[in-house]
Amino acid sequence: ATRDVMVPDAPPRISLLLSENVHLFLLTRRVLLHIGLRYRQRLQCFVSGTVMFMFGVAVFGVISGMGGSLESTVFMWHVVVDIGTMIVLLLACLYKGSATNQLTASHSALLDARALEVAAGLGSVA
């Protein structure tokens, strides 16, 4: 019979007492932030396209639901409720995205400050 050997899951540890390790760690973090920024921009582009398409579908639904008359129908009330729900969800996403952008900007500023400290520290050692 085979026996599974469990290996403890421990994160890798980097000594930040060496200036080269600190410099490479900050460089790696900056590269990963830029990759995340490009992914976020691509995702934002796709979501914007989807929202514009859904808005077009909603406008088409409103126009076809009216059927040339100004009388309210059950279909029209469904469309109004759906559009209202979509607007509420988009506003929630916008609020959450804004908070995330503020955190990313402050984190990026902190990393830039640390990079300057490391560069100054390496300059004083050399």
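Some points to look at:
- Filtering the range 107-126 to residues that are in a helix (DSSP H, G or I), out of contact with any helix residue (DSSP H, G or I) (no Cβ under 8 Å at 6 or more places or on another chain) and open to solvent by 70 Å² or more (accessible area, probe 1.4 Å) leaves LEU110, LEU116, GLU117, SER124.
- Of the candidates VAL31, VAL47, the single residue that is surrounded by 10 or more Cβ atoms within 10 Å (Cβ to Cβ), farther than 22 Å from LEU111 by Cβ and without any contact (Cβ under 8 Å) to a residue 60 or more places away in the chain is VAL47.
- Residue within the range 80-89 that is under 15 Å from the mean Cα position of the chain (by Cα) and at pLDDT 80 or above present: no
- Evaluation of SER19 against (1) open to solvent by less than 90 Å² (accessible area, probe 1.4 Å); (2) free of Cβ contacts under 8 Å to residues at least 40 places away in the same chain; (3) in contact with a Gly (Cβ under 7 Å, 6 or more places away or on another chain); (4) of a type outside the set (D, E, K, R) (one fails), failing number: (2)
- In the set (1) within 17 Å of PHE55 (Cα to Cα); (2) open to solvent by 60 Å² or more (accessible area, probe 1.4 Å), the condition left unmet by GLU71 is number (1).
The values are calculated or read from the model by the stated rules, or taken from the named source; none is laboratory data. Since the structure is predicted, the reported quantities are computational estimates derived from the model, not experimental observations. In this analysis, Cβ positions are derived from the backbone assuming ideal geometry, glycine residues included, and neighbour counts consider all displayed protein chains. Surface areas here come from the heavy atoms of the whole protein model, side chains and all, with no ligands, DNA or RNA. Shrake-Rupley method; radii C 1.70, N 1.55, O 1.52, S 1.80 Å.
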